[in-house]
Each structure stands twice: as structure tokens, then as C-alpha cells.
Amino acid sequence: MSTDIVLIGAGIMSATLGTLLQELDPSLRIRIYERLDRAAAESSDAWNNAGTGHSGFCELNYTPQRPDGTVETQKAETVAEAFEISRQFWASLVREGAISPSFIRSVPHCAFVWGNDDVQFLRARFAAMKKRPLFEQMEYAEDRATLDQWMPLVMEGRDPAELVAATRMPIGTDVDFGTLTRTLIARMEARGAEVFYNYEVRDLHYFRNRDMPDMAPFWQVRVKNLSEDYHENIQAPFVFIGAGGGALHLLQTADIPEGRHYGGFPVSGEWLRCKNPEIIARHGAKVYGKAAVGAPPMSVPHLDTRKIEGHNALLFGPYAGFSTKFLKSGSYTDLPASLRLSNLAPMLGAGLHNIPLTKYLIQQVVQSDAERLKTLRDYYPEAQPEDWEQVVAGQRVQVIKENEKGDGILEFGTEVISTADGSLAALLGASPGASTAASIMLNVLAKCFPQQLATPAWQEKLTSLIPSYGQKLADNPELLRRLRQETAQALELAG
Ligand SMILES: Cc1cc2nc3c(=O)[nH]c(=O)nc-3n(C[C@H](O)[C@H](O)[C@H](O)COP(=O)(O)OP(=O)(O)OC[C@H]3O[C@@H](n4cnc5c(N)ncnc54)[C@H](O)[C@@H]3O)c2cc1C
């Protein structure tokens, strides 16, 4: 069996790459293999992630403070740029009638802090960000009347003498990535892609016949039909490993030189989910705070208004945890099975360099319900335990890699790893995640389809899908304002 493209995993990343490829070349034969029985059942499912349209508006970890007290905005701008690319891509698909905009809605993004040091930091952050075009709509408040209006649950029952401050971006979004993924994959199927559920990819092998230079090289993908217990081999010139937490294992199986020396560190998470509809109705924002000492950046607590499959919801968390599984539906042997001679040194090095993280995770794992409630009350002082239930979030695998000095470092971003000939690409890591899927996949296209990408046909199509393609919005405020307005209209968002 042969095909043009094999996408491993039916999450938001494969759905985005597959949709882009179909738009660029509708004649491509695409197959998706997914080990579970439906699309978006791991991290991309709405209950498994926070649904924040990450744009650098409220995530304080993207704006570090310099020793002189000023604040660095570069990382936040990069994330904001990437989200604008996703917005443009989704808006184009909505205009084409390919998807409905119901998966996304406007929810203001707020950053909230208390205590003199953190209030000083937020003031400096606001001063730095407000000057940048991507954040020009940002508002700042320390007065109770404004904060009561922005976030009543956060302010009720709070000591009036406590120094607090917040910023607010009215154009923040909440995204149901599960619904979006399933819609994109259904559309791909309607346009000829084949999706195989309950099929697990077990092995990847590259064939290049040096004695027959005219024969195009290909990947042989070995899959197991989990329902009927048999194996098949599929040949394809291009494979994308979009397997989320399962990606590291498949990269190791492919055994490409670019993939050696990588390791993974799993961080699990839990939410508190509100059960009381009256409380859910009283909150209308995503309120992010500052991470605790040693906490991984993606474990910053937040009180989040959500809309999941059409229903309003309120989540608090994530509380970080530790499990040796690489997927929520994975196996406890995932972490030990990922150890190789080639990644042992970086894995051990990363462990030694991240003692505060280890301490933090241990403390999170052993914390009692009362301690969880105490953290919730930092954000919602009048929270009552009977209104909340615990739910397990998705599993993330952070990238461990070697730096130039040979030291193992733990990364909190995403990384695209590809072969020199562009025949295979894999995505490792999970932050900023689904929000930036479109820009990550443009990167995959640049690495793996450079010749096609240079053609006028692909350039024209990409510019029609993503009008800012190839331009920097941070340096082009006019274009940014126009595109924000146009995408807001198509996606039915606040302008
Ligand atoms: C707690 C938490 C909060 C998050 N919050 C946000 C947020 O607010 N905003 C945001 O933008 N992002 C967020 N993210 C990140 C985001 O969810 C992920 O980046 C994104 O969903 C990853 O998509 P994916 O397609 O790579 O992986 P997944 O959605 O995990 O999909 C991978 C698929 O591959 C399948 N698979 C694995 N191995 C195999 C195999 N061998 N064969 C076949 N199939 C296989 C899996 O079953 C799965 O369906 C969060 C993640 C977590 C865990």
C-alpha cells in the first residue's frame, strides 16, 4: 500500500498540517493513523487543555523581568504573532464555508497579581507592552471598582487593604480545540483523506536503494490494527509524527540522526471544575496569575471561563502532577522505555539542573484537598469545596535535549525535528501548543516542502489563506489592525 502523506495521530497538529496540505495541493493522497477510536481524544480534547488562545496577553511567564526592573516583551510578541496566523487561517476556512466559527469566542485575558513586588512587576510589564502594536488594547487597573467589574469572583471576599493589580485584553479568546480538530478532520475526509482509527503506528523504516537512484526513497510505516490484531505496512515519501506524547517513541523508532539525544519529561495535570451554574455564569474572563517558585511555566494557575461543546464551564488549575505515562491513555512504562544510551546523559543532566521543579512536582502530587482549595481561594476567596470537582487534564511531555556544551536541558516550548531531505518531521513538546498550530505547520512546510513552497501556486494560496504570510505584524501596525478587524468579523469575535 502506498500514499503521498502519512500523518500519525489525529490531534490538532495533524489536522492543521493535513488541512494546509489539502488546500495547497488537493490531489495529495493523505492517510491519518490514530491509535484511539476518535479524533482529538488526547491533549487536543477541550477538557484536556485550557483552551486559551495563547497570545502572550495574560501569561506572565512570557514576559521576564530584567535585573533593572524593566520587562522583556519579545517572547510574548512571538506567541501573539503566531496566534494571529492561526486566526487568519481559521477565518479563511470560515469564509470558505469549511468550518463554523462556533469553536472560538471572545473571552478577555487578564493577568492578576497581589503584593508589592508583583504589582510593581505588572506595572512595568504593562508600560512595556502597551507601547507594542500587538498589545495596544491592553488595560491596567489597581482600583477596586474596575477590578470588581472585570473579575467579581476574584475580588469578592478579598481583604480591602491588600494591594492588587490586573491587566485586561478584551480581544482574548477561548478555543475549543477538540471541536476544531474533529471538524478539520471530518472536512479532510470529505475531501478524500483516509482516517484509520484504532490503528497504532509501531515502526518507521526509511528505504533508499543506492543501486537504483531513479527509485524514489520512501518511509515504510508499520501499523497495528488494534481491533482485529494484525499488522500492515504503508509506504509514503513523507511522514509527519503528530503523535503528541507518543512522538518521542516514534522518533526513536525512526532512528534518524536529527532525533538522537532527545528525551522527554512527562508532566500531568488536574483541574478543579465548577459544578454550580450560578457561579459559572458570574465569571467572564481567563484570569492568569504568577507561577509558584520551581513551577513549570505551563502550571501557572488560572481561573478560566470556557465554552466546551456549546456548554459554559469554569475551570481552575492546572495543578501539576507526575506520572511516567507519555499519553493520558499511555503506559506507565513510557518514561523508562524512552531511555536510550544516546539520551541518558541529557536526561540525567536535565534532572540535576531542575531540582526545584522536582521538589515542586513532589509537593503538588502529595498535596491534600484542603491545600488545593487554598490555592483556588487565592483566585476566588469565597470558593466552597462542594461547588468543585477534580478532573484529570491532558498529559504533556516536555522536551529534554543537549545544548552546545553537551548539558541536558529541559525545554518548555515545542520543537520541530526533521530529516535533512524533508521526508519526515516530528513535533515534540506542548507549549504554547494548539494555539500556534498554524505557524508551527508553516515551519514544517518550509522544512519539508521547500521546492513546492517556492512555487507561485503555493505562495499565492498561502497568502490567500494567511494574508500576513511572510510579514511581521509587530512591525506593521496598519496591517495588524486591518487583519484583526477582518478575522474578528469572520470568527464573530470582539474587534
Ligand atoms: C493541561 C494542558 C493544558 C493546555 N492548555 C493549552 C491552552 O490553553 N492553549 C493551547 O493552545 N494549548 C494548550 N495545551 C497544549 C495543547 O493541548 C497541545 O499542544 C496540542 O493539543 C497538541 O496537539 P497534538 O496534535 O500534537 O497532540 P494530541 O492532541 O495529543 O494528539 C496526538 C494523537 O496521536 C495519537 N497517537 C499517539 N501515538 C500514536 C501512535 N503510535 N500511532 C497512532 N496514533 C498515535 C494519540 O492517541 C493522539 O490522538 C495544553 C495541554 C495540556 C496537557
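The values are calculated or read from the model by the stated rules, or taken from the named source; none is laboratory data. Quick caveat, the model's predicted, so the values are computed rather than measured. Positions of Cβ are backbone-derived with ideal geometry, glycine not excepted, and every protein chain shown enters the neighbour counts. To get the accessible areas, we keep the full protein, side chains included, count just its heavy atoms, and leave off ligands, DNA and RNA. Shrake-Rupley method; radii C 1.70, N 1.55, O 1.52, S 1.80 Å.
Structure notes:
- Each principal axis of the Cα cloud of the chain was taken in turn, and the coordinate range along them, longest first, works out to 79, 48, 46 Å.
- Integer Hz, Karplus 6.51/-1.76/1.60 couplings in order for the range 245-252, x for Gly and Pro: x, x, 5, 4, 4, 5, 4, 5
- Distant-in-sequence amide contacts of residue 71, defined by a placed amide H-H separation under 5 Å and a gap of 5 or more residues or a different chain, comprise 66.
- Per-residue Karplus couplings for the range 406-420, computed as 6.51 cos²θ - 1.76 cosθ + 1.60 with θ equal to phi - 60°, are listed in order as x, 7, x, 10, 9, 9, 10, x, 10, 9, 9, 10, 9, 6, 4 Hz, Gly and Pro entered as x.
- Of the GluC sites (Glu not before Pro) found in the range 1-89, those in coil by DSSP whose Cβ has at most 15 other Cβ atoms within 10 Å are 72.
- Surface composition of the range 5-491: carbon and sulfur make up 52 percent of the accessible area, probe 1.4 Å.
- For the range 102-121 versus the range 396-439, the spacing of their alpha-carbon centroids is 28 Å.
- Averaged over its residues, the chain has an accessible area of 42 Å² per residue, based on protein heavy atoms and a 1.4 Å probe.
- Sorting 154-163, 174-183, 92-101 by their mean Cβ neighbour count within 10 Å, with the most densely packed peptide first, gives 174-183, 92-101, 154-163.
- Hypothetical label at residue 464: residues of the range 7-34 whose amide nitrogen lies under 18 Å (7 Å Cα-Cβ projection): 19-28
- In order along the range 367-374, the phi-based Karplus estimate (6.51 cos²θ - 1.76 cosθ + 1.60, θ = phi - 60°) of 3J(HN,Hα) comes to 5, 8, 4, 5, 5, 5, 5, 4 Hz; Gly and Pro are listed as x.
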